[in-house]
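First comes the structure, then the notes that go with it.
The values are calculated or read from the model by the stated rules, or taken from the named source; none is laboratory data. Everything numeric in this text was worked out from a predicted model, so none of it was measured. Ideal geometry is used to build each Cβ from the backbone, glycine not excepted, and the neighbour counts take in all protein chains shown. Areas reflect the complete protein model, heavy atoms only, side chains present, ligands, DNA and RNA absent. Shrake-Rupley method; radii C 1.70, N 1.55, O 1.52, S 1.80 Å.
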Amino acid sequence: MTLLWDTRNLFIRALKKLTRNPILIFFSLFQPIIFLVLFTQLFHDFNLLPGFPPGVSYLQFAAAGILLQNAFSSALQSGTSIVDDLNSGFLQKMLVTQVARPAILLGRLLTDACRVTVQSIIILALAFALGFRIESGIPGFLLIIFIIAFFGFAWSGISLAIGMRTRSTETVFGIGFTLSFPLLFMSTALVPVSFMPTWMQDVSSVNPITYAVNAVRDLSLPGYFSLSAELTALGVIAGIAVVTMGATLYLFRKVVS
Amino acid sequence: MSTTDLITVDNLVEVYADGTKAVDGISFKVRDGEFFGFLGPNGAGKSTTIKILTTLLRKTSGTVTIAGYDLEKHPKEIRKLIGVQSQDTAVDPELTGRENMMLQGELQQMHGKVLGERVDHLLEVVGLKDAADKRAGRYSGGMKKRLDLACTLVHEPKVLFLDEPTTGLDPQSRNTMWDYMESLNEKQGITIFLTTQYLEEADRLCDRLCIVDNGKIVAEGSPVGLKQEIGADAITITMESSAGATKEATKVAAKQVLSTLPAVVNTIDAEDGLTIYAKNGGIFIPELIRAFDKANIRLVSINVSTPSLDDVFLKHTGKRIRAEELVKQPSRAGFGRR
């Protein structure tokens with residue numbers, strides 16, 4: 001009970017901070033919007049190449065990738081918040097209260113999931129204006145949002161762990177940036193897997209971004225939906241979540257004690 | 001003040017991962033209702049001790065109990081009883097003063113109307129009622145400290161740990177903080193554990209204090225008791241030369257009189273008079289006046305200065321705390337050490 005209540009209160013605190021400093025919502029939106037507007041123009045004729053899903057525009061294809069790319073890099077910034085609390089002494093101030101310890105992390109993660117959701121809706125709205133459509137309708141839209149938020153939630157843990165370990169905002173940003181691009185390009189986010197050289201196809205097939213991207217893409221393209229692909233993606237994300245939460249909790253214990 | 005020990009610390013040691021002994025086997029007791037202090041320079045181990053006592057840092061060895069609870073076995077119970085103000089002013093700049101306090105109260109498991117009323121009351125006590133709904137980021141340094149202090153009080157703690165609560169404050173804000181701390185201790189009976197590197201802060205506020213240096217307690221007692229340990233007050237006198245006698249002759253006569261007084265430890269020639277080191281200056285002065293009256297030497301002025309805690313620190317460590325303090329707070333010169 002205490003855990004739920006404390007999580008709720010810390011979630012509200014972080015939401016208040018976010019709404020009073022909305023630049024944090026829009027800051028990371030710059031890149032996906034550039035992708036959405038410029039990439040889709042630049043690679044407009046990709047869909048003429050063999051191997052591209054027939055009858056699908058590049059925008060329709062890449063939107064899923066851009067959404068997940070945003071979720072990924074946004075999640076990898078979430079560690080900066082805990083760095084701030086660590087360095088300002090606010091974390092210590094919380095730790096000398098009776099707060100349920102995990103609530104400090106959970107409140108944070110929920111807020112980050114919220115942030116990614118808001119960002120994703122903005123990106124989807126812009127994509128919609130450019131002609132993107134979700135073929136599976138409202139249920140598909142909701143499932144897409146859920147997958148993206150869950151994906152963000154899972155990766156936020158890594159960032160929190162890095163933040164607690166290094167206590168440096170710059171390092172959190174740096175590592176986030178370094179990780180997000182290679183993983184993005186070696187996934188099916190921006191091109192079909194058949195476009196890649198063999199070795200990259202291998203990397204892509206174990207790249208968690210690929211699974212999430214495919215799950216979202218299958219929901220937006222006509223006739224691609226497959227329950228097993230959706231479940232696989234959710235399973236992969238859950239697996240990541242378990243690993244990152246484990247690491248985060250372990251480091252948090254060290255900070256706490 | 002009762003005679004119950006609220007905090008007992010026995011042979012506490014903290015060794016950091018790099019081998020530094022931050023706390024090197026200290027033992028002390030704090031009584032219920034006492035205003036207790038740790039006075040020492042930066043790096044003496046004050047903050048480390050507070051972090052251990054407030055469950056933030058795991059001790060290397062030793063035993064600590066607070067209100068009968070063992071620190072290691074019952075950290076949760078201890079957290080209910082304590083309020084902690086750390087050295088950094090940890091208020092959330094993006095939340096308002098009231099929101100900061102409400103959050104703190106919620107984390108201390110207080111809710112609803114009870115919490116709301118408590119917060120309103122405390123905001124009034126620390127003089128932040130009018131600024132309550134402004135973001136804390138826009139507060140002045142003194143206001144932030146007061147908000148921070150109010151946050152530590154939300155759940156009505158039995159013991160307050162204040163880690164250098166006035167460092168970096170201007171003299172006026174510092175005085176205000178002192179008033180609050182005194183009133184919390186005297187009127188509400190809250191036991192206070194304070195760390196400071198300011199001599200006058202320890203002197204004014206503490207019932208009892210430990211002087212710490214390099215992770216060790218080098219002296220312990222009441223401020224008055226510690227200063228008395230120095231053994232003598234410095235009394236500077238000037239005299240009127242009696243008719244026909246030179247200044248020097250008067251001094252010689254005065255010295256002769258002084259040598260008959262058992263309280264005098266030492267007499268030194270001062271610029272235009274004499275400096276006498278004597279035990280219990282207050283008691284000694286009437287004696288001095290009577291003796292000089294008898295010998296027909298007329299006193300023009302008497303200036304008593306009691307030894308400061310800095311003299312105590314000097315005696316036990318061979319160095320002064322004050323030097324660093326002056327560098328950090330140049331505006332504080334003349335802020336009444338004596």
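All other residues with a Cβ under 13 Å from the Cβ of B:Thr89 taken together, and with Lys, Arg as +1 and Asp, Glu as -1, what is their net charge? The partial results should precede the final answer.
Working: positive: A:Lys93, B:Lys144, B:Lys145, B:Arg146; negative: B:Asp88, B:Asp92, B:Asp148, B:Asp163, B:Glu164.
Every neighbour counted, the sum reads -1.
Take every residue in peptide A:1-7, count the Cβ atoms of other chains within 10 Å of its Cβ, and give the average of those counts.
Details: counts 0, 2, 0, 0, 4, 3, 0.
The per-residue average across the peptide is 1.
For the stretch B:231-305, compute Rg over Rh where Rg is the Cα radius of gyration and Rh is the Kirkwood radius from the inverse mean 1/r over Cα pairs. It would help to have the intermediate numbers written out before the result.
On the way: Rg = 11.2 Å, Rh = 12.1 Å.
On the Cα set of the stretch B:231-305, Rg over Rh gives 0.93.
Using a 1.4 angstrom probe, figure out how much accessible area the stretch B:231-305 has per residue, in square angstrom, rounded to the nearest whole.
On the way: 4390 Å² over 75 residues.
Value returned for the stretch B:231-305: 59 Å² of accessible area per residue.
Under a 1.4 Å probe, what is the accessible area of the stretch A:23-105 per residue, stated in Å²? Spell out each step's value before the answer.
Numbers: 3040 Å² over 83 residues.
In whole numbers, the stretch A:23-105 has 37 Å² accessible per residue.
Have a look at B:Asn296, B:Asn280, B:Asn100 and tell me which one the Gaussian network model of chain B (Cα, springs below 10 Å) gives the largest fluctuation.
Greatest mean-square fluctuation among the candidates belongs to B:Asn296.
Mean projection of the alpha-carbon convex hull of the stretch B:5-228 over all orientations, in nm²?
Dividing the Cα hull surface by four gives the mean projection, 12.2 nm².
May I ask you to evaluate 6.51 cos²θ - 1.76 cosθ + 1.60, the Karplus curve with θ = phi - 60°, for each residue of the stretch A:126-142 and list the ³J(HN,Hα) values in order in whole Hz, giving x for glycine and proline?
5, 4, 4, 4, 8, x, 6, 9, 9, 5, 8, x, 4, x, x, 4, 5
Could you order peptides B:189-202, A:62-75, B:281-294, B:157-170 by the average number of other Cβ atoms within 10 Å of their residues, highest first?
Details: B:189-202: 22.4, A:62-75: 27.4, B:281-294: 14.3, B:157-170: 20.7.
Descending mean neighbour count gives A:62-75, B:189-202, B:157-170, B:281-294.
Through the Karplus equation 6.51 cos²θ - 1.76 cosθ + 1.60, θ set to phi - 60°, convert the phi angles of the stretch B:150-155 into ³J(HN,Hα) values in whole Hz; use x for Gly and Pro.
4, 4, 6, 9, 3, 8
In terms of solvent-accessible area of protein heavy atoms at a 1.4 angstrom probe, what is the ranking of A:Cys114, B:Cys210, highest value first? Intermediate values should be presented prior to the final figure.
Working: A:Cys114 45, B:Cys210 0 Å².
Most to least solvent-accessible, the answer reads A:Cys114, B:Cys210.
Who wins for biggest fluctuation among B:Gly97, B:Gly112, B:Gly231 in a Gaussian network model of chain B, springs between alpha carbons below 10 Å?
Between B:Gly97, B:Gly112, B:Gly231, it is B:Gly112 that shows the largest mean-square fluctuation.
Hey, any idea what Rg/Rh is for the protein assembly as shown, computing Rh the Kirkwood way over Cα pairs?
Values: Rg = 33.7 Å, Rh = 28.6 Å.
With Rg and the Kirkwood Rh in hand, the quotient comes to 1.18.
If you roll a 1.4 angstrom probe over the protein chains with everything in place, what fraction of the accessible area of the stretch B:157-259 belongs to carbon and sulfur, to the nearest %? Could you put the intermediate results ahead of the total?
Details: 1930 of 4000 Å².
Percent of accessible area from carbon and sulfur atoms in the stretch B:157-259: 48.
Which lysines, on any chain, are close to B:Lys59 with Cα under 21 Å apart, when same-chain ones fewer than 8 places away are left out?
Straight-line reach from B:Lys59, under 21 Å: A:Lys93, A:Lys254, B:Lys21, B:Lys29, B:Lys46, B:Lys51, B:Lys73, B:Lys76, B:Lys80, B:Lys216.
Give, ordered by residue number, each residue of the stretch B:36-59 whose 1.4 Å probe accessible area is reduced by a minimum of 30 Å² on adding the remaining protein chains to the chain alone.
In the stretch B:36-59, residues shielded by partner chains: B:Leu56, B:Arg58.
Using just the helices of chain A, give the 222 nm mean residue ellipticity in deg cm²/dmol: DSSP H runs with n ≥ 4 each add -39,500 (n - 2.57), and the total is spread over all residues, rounded to 500.
Details: 12 runs with 192 residues, N = 257.
Mean residue ellipticity, 222 nm, calculated: -25000 deg cm²/dmol.
Would you list B:His155, B:His121 from the most to the least accessible area, probe 1.4 Å? If you can, show how the numbers build up before the last one.
Numbers: B:His155 30, B:His121 100 Å².
So, going from the largest accessible area down, we get B:His121, B:His155.
With a 1.4 Å probe, what is the total accessible area buried between chains B and A, in Å² rounded to the nearest 100?
On the way: alone 16550 and 12320 Å², together 26320 Å².
By this definition, chains B and A bury close to 2500 Å².
Using alpha carbons only, how many angstrom separate the centre of the stretch B:284-304 from the centre of the stretch B:27-41?
40
How many percent of the alpha carbon pairs in the stretch B:111-197 exceed a separation of 21 Å? List each step's numbers first, then the result.
Details: 1083 of 3741 pairs.
Value for the stretch B:111-197 (Cα pairs over 21 Å): 29 percent.
Mark the label point 7 Å from the Cα of A:Phe181 along Cα→Cβ and return the residues of the stretch A:5-41 whose backbone N is within less than 19 Å of it.
Inside the label zone: A:28-40.
Take chain A, connect every pair of alpha-carbon atoms lying under 10 Å apart with a spring to form a Gaussian network, then pick out the residue of A:Thr97, A:Thr166, A:Thr244 with the largest mean-square fluctuation.
A:Thr97
Out of the total accessible area of chain A (probe 1.4 Å, heavy atoms of protein only), what percent is carbon and sulfur?
Working: 8020 of 11030 Å².
Carbon with sulfur: 73 percent of the solvent-accessible area.
With a ≥ b ≥ c the root eigenvalues of the C-alpha gyration tensor of the stretch B:18-133, is it rounded (a/c under 1.5), prolate (a/b larger than b/c) or oblate? Kindly include the intermediate steps, with their values, before the conclusion.
Details: a/c = 2.24, a/b = 1.80, b/c = 1.24.
Judged from the Cα gyration tensor, the stretch B:18-133 comes out prolate (a/c at least 1.5, a/b above b/c).
What nm distance separates the two modelled labels at A:Phe195 and A:Thr117, each placed 7 Å from Cα along Cα→Cβ?
Result for the modelled spin labels: 3.2 nm.
Can you say what percent of the DSSP beta bridges in the stretch B:5-228, counting only those with both residues inside, are antiparallel? Round to 5. Provide the component values of the computation, followed by the final result.
Values: 21 of 39 bridges.
Restricted to the stretch B:5-228, the bridges split so that about 55 percent are antiparallel.
Which distance in Å, rounded to a whole number, links the C-alpha centroids of the stretch B:133-199 and the stretch B:47-109?
Cα centres, the stretch B:133-199 to the stretch B:47-109: 15 Å.
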